[in-house]
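Working notes for the structure below.
Values in this text are rule-based calculations from the coordinates and carry no lab data. None of these values were measured; they are calculated from a predicted model. For neighbour counting, all protein chains shown are included, and Cβ atoms are generated from backbone atoms with ideal geometry for every residue, glycine included.
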Amino acid sequence: MSKATKITYAILSILAGLTVGVLVALIVGVITTLQALIKFPVEVYRGCTRNAEFKRLHQAFNVQTMEDLEKKRWDEMTEDEKMWERHIQKMENKKHNN
């Protein structure tokens, strides 16, 4: 095989690879954009409805959040218990972040 043929094949493969790569990137980009355009408003709506529901329940029944209950419990703990509770909380936060 001559050098010219090898160079021709190399150029054709690069062009074919770039063409396919650009097409795939465009398709993935369009799909991701459409997904974000649909998903984001739905998530905002869910958050708003949850907040409205919580406010309504809180106003009607004076429901306490888990944070309020934990805060009351926190005031009654000893220093050693608080230390372990902070450690457990850090580990849970680390687990949820991963």
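The table below gives the values:
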| read-out | value |
| --- | --- |
| Share of alpha-carbon pairs per 5 Å distance bin for the range 1-63, given as whole % | 3, 15, 9, 10, 8, 7, 8, 6, 6, 6, 5, 4, 4, 3, 2, 2, 1, 0 |
| Ranked list, fewest to most other Cβ atoms within 10 Å of each Cβ, for S13, S2 | S2, S13 |
